[in-house]
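See structure below.
The values are calculated or read from the model by the stated rules, or taken from the named source; none is laboratory data. For clarity, every value in this text was computed on a predicted model and none was experimentally measured. When we count neighbours, we look across all protein chains shown, and the Cβ atoms used for this are built from the backbone with ideal geometry, even at glycine. What goes into the accessible areas is simple: the full protein's heavy atoms, side chains included, and nothing from ligands, DNA or RNA. Shrake-Rupley method; radii C 1.70, N 1.55, O 1.52, S 1.80 Å.
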Amino acid sequence: MNKIFTLILALLLTTNVAIACDRELCTYLDEAKKIAVNLPQINSKQEGNRNIDDEYWIQDPELSKIGGYRYLLHDIAVGYSKIACWEKGLQTIDLIKNLGVKDSAWAQISIEYAKKDKFDDAMKLIKEIKYPTGGEIARKYVAKELVRVGRIEESREVLRGAGLFDNHYESFFYQNAMNLANAGKHDEAFEYTKKRHHENQHVHNALGDMLLLFQEKGDIRNCEKIISYYETNKTKNIPLYQLANYYLKKGQIDKAKKYTLRINDPQTKAITLLRIAETQPKDFNDTYNLALNVIDKEYKKDPKNNWTIIVHTVYDIYKLKGQKISNKFLYKYIDKKDYIAEIGHKNIIEQLFSSNKSDEVISYLNALDYKLKSDAYIRSIAQLRIKNATKIPNVDAADNNAFTYSFIIIEALKSRYPEQDVLRAVLNNYTNENSAFQKAELLRIIAMMASKNIGHKVGVGLYDEKDAPLLRAYWLIGISQANQADEIKEALRYQLYL
């Protein structure tokens with residue numbers, strides 16, 4: 001009995017029969033797998049001859065959606081686990097040749113087990129992982145699920161095994177503290193953090209972020225505990241930015257200003273001062289001018305390198321004073337024809353998009369006395385969001401860049417344009433073989449939406465290209481993900497590319 005069969009048998013013995021494999025959706029993954037076993041697991045012509053360590057190919061499920069030949073079996077295996085077809089998922093992993101891709105699949109299926117409260121099964125898979133990166137990813141997410149169900153001590157042990165000590169925000173301590181806080185275990189999160197008072201930087205990061213989280217959740221009692229902690233402990237390493245924003249939200253402007261003026265980073269200090277100015281009708285000019293002085297002083301120290309403070313504060317100038325003044329501010333330091341000026345405009349536009357002000361984006365573009373290089377692309381996104389586009393634009397709106405164009409396609413889906421129209425746009429605009437990775441991933445997402453909105457039996461027939469097996473396989477994976485269609489708004493990390 002080989003190792004993988006033994007593992008599968010052990011996992012099956014612990015499987016909760018109440019979570020049954022979705023046999024109907026499973027058939028689409030079975031069909032995709034039949035295609036996958038006859039395809040290469042790497043296409044050197046498309047990927048290039050990259051001599052990269054296997055560990056490079058391990059993907060964090062919350063951050064990366066890659067696809068393509070190398071990940072096809074990986075994505076099928078994970079797809080099986082998402083519909084509780086565990087045995088088929090594990091059998092598929094055994095077919096993956098690249099050890100990093102295999103580790104990535106182990107990690108992601110272990111996370112799926114943990115989401116279903118199958119922690120013993122999750123830990124058995126984690127022990128199969130070869131590379132540290134795969135173990136760190138799996139343990140980080142499994143630990144969060146253990147916190148969710150109240151198994152705190154186990155969570156700490158699992159997370160400690162991840163060895164996350166690269167920086168303060170990825171440390172075992174910070175991750176465990178914030179897992180507790182995000183799971184609503186506020187008292188325990190605070191006490192756990194306070195006990196590590198000797199690790200000033202860790203406590204500073206965790207308590208500062210907890211303060212704003214507790215405030216958002218309305219937990220005034222624990223906010224006051226954190227404030228008291230800093231008032232009674234004479235530590236110099238305090239979360240100045242978080243304290244300033246905490247008092248700003250409370251309307252205690254004097255205290256917000258006091259902590260802001262102690263912030264060392266000029267950009268953070270200037271932005272916080274500008275936000276304080278917004279709340280001060282009487283003393284607006286004093287605080288506003290103070291922020292401008294901080295910006296000017298920092299820029300003049302090193303104009304060649306400190307231009308970043310200009311482009312990252314210009315949105316707050318725009319918000320306070322409007323486009324004419326923000327343009328004047330920007331052009332005081334940067335020539336309007338310089339590419340850096342475009343970065344400043346894009347920062348404003350991105351903030352407007354994130355605030356659901358797509359119509360204001362179009363007004364902003366119209367008021368500029370020249371066109372941004374990405375004007376057509378930005379307009380396309382804005383028009384799709386306000387349902388003002390008569391059709392989905394072609395790839396030339398994104399300067400014929402397949403990667404950039406993918407964001408237009410995603411926006412069309414999010415804006416509920418018909419899946420048939422979005423599919424047609426992809427097929428018409430991704431004709432180069434080198435774009436197969438983006439095309440496969442987009443087809444998967446379109447199929448996922450079609451499977452939910454028009455049903456998988458109808459959706460599967462929208463794209464049935466026999467001469468493009470990789471694309472057909474990803475279409476089938478998407479059809480099997482009908483129950484995950486809401487990911488397009490939540491889990492799919494497609495931020496606007498500007």
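Over the Cα atoms of the range 61-102, each weighted equally, I'd like the Debye log10 I(q)/I(0) at q = 0.16, 0.21, 0.35 Å⁻¹, rounded to two decimals.
For the requested q values the scattering log ratios are -0.37, -0.64, -1.20.
Do the sum for the chain: with -39,500 (n - 2.57) for every DSSP H run of n ≥ 4, divided by all residues, what is the mean residue ellipticity at 222 nm, to the nearest 500 deg cm²/dmol? Working shown, then result.
Details: 27 runs with 318 residues, N = 498.
So the calculated ellipticity at 222 nm is -19500 deg cm²/dmol.
7 Å from Cα along Cα→Cβ at both residue 261 and residue 404: what's the point-to-point distance in nm?
Reported label-point gap for residue 261 and residue 404 is 4.5 nm.
If you rank 307, 106 by how much accessible surface each has, with a 1.4 Å probe, what is the order from largest down? Can you show the working numbers first?
Working: 307 55, 106 15 Å².
Highest to lowest solvent-accessible surface, that is 307, 106.
Using a 1.4 Å probe and ignoring any ligands, DNA or RNA, find the accessible area of residue 380 and quote it in Å² to the nearest 10.
Ignoring ligands and nucleic acids, residue 380 comes out at about 10 Å².
Sort 232, 287, 27 from largest to smallest accessible area, using a 1.4 Å probe on the heavy atoms of the protein chains.
Largest accessible area first, the residues go 232, 27, 287.
Sort out for me the Cα centre separation of the range 238-290 from the range 97-172, rounded to whole Å.
The range 238-290 and the range 97-172 have Cα centres separated by 40 Å.
Please compute the volume of the convex hull spanned by the alpha-carbon atoms of the range 109-255 and report it per residue in Å³.
Numbers: hull volume 15.8 nm³, N = 147.
Residue-normalised Cα hull volume stands at 108 Å³.
Given the convex hull over the Cα atoms of the range 226-348, what projected area results after averaging over all orientations, in nm²? Can you show the working numbers first?
Values: hull surface 32.9 nm².
Hull-based average projected area comes out at 8.2 nm².
When you have a sec, figure out the Kirkwood radius of the range 59-133 from all distinct Cα pair distances and drop it here in Å to one decimal? Don't skip to the end; give the middle numbers.
Values: mean 1/r = 0.0827 Å⁻¹.
For the range 59-133, inverting the mean 1/r across all distinct Cα pairs yields 12.1 Å.
With r defined as the distance between the Cβ atoms of residue 366 and residue 324 and R0 fixed at 22 Å, what FRET efficiency is calculated, to the nearest 0.05?
On the way: r = 14 Å, r/R0 = 0.62.
Here the calculated transfer efficiency is 0.95.
Taking the simple approach of a point 7 Å from Cα along Cα-to-Cβ for both residue 24 and residue 396, what is their distance in nm?
About 4.4 nm, to one decimal.
Among 320, 480, 101, which residue has its Cα furthest toward the positive end of the charge dipole of the chain, with +1 on Lys/Arg Cβ and -1 on Asp/Glu Cβ?
320
Which order do 437, 119 take by accessible area at a 1.4 Å probe, largest first? Numbers along the way, then the final one.
Values: 437 45, 119 10 Å².
Reading off the accessible areas and sorting them downward yields 437, 119.
Rounded to the nearest angstrom and ordered from largest down, what semi-axes does the equivalent ellipsoid of the chain get from its C-alpha gyration tensor (root of 5λ)?
Working: eigenvalues 363, 226, 73 Å².
Output for the chain: semi-axes of 43, 34, 19 Å.
Run a plain Debye calculation on the range 344-498 (Cα atoms as equal point scatterers, no solvent) and give log10 I(q)/I(0) at q = 0.10, 0.11 Å⁻¹, rounded to two decimals, same order as the q list.
-0.36, -0.43
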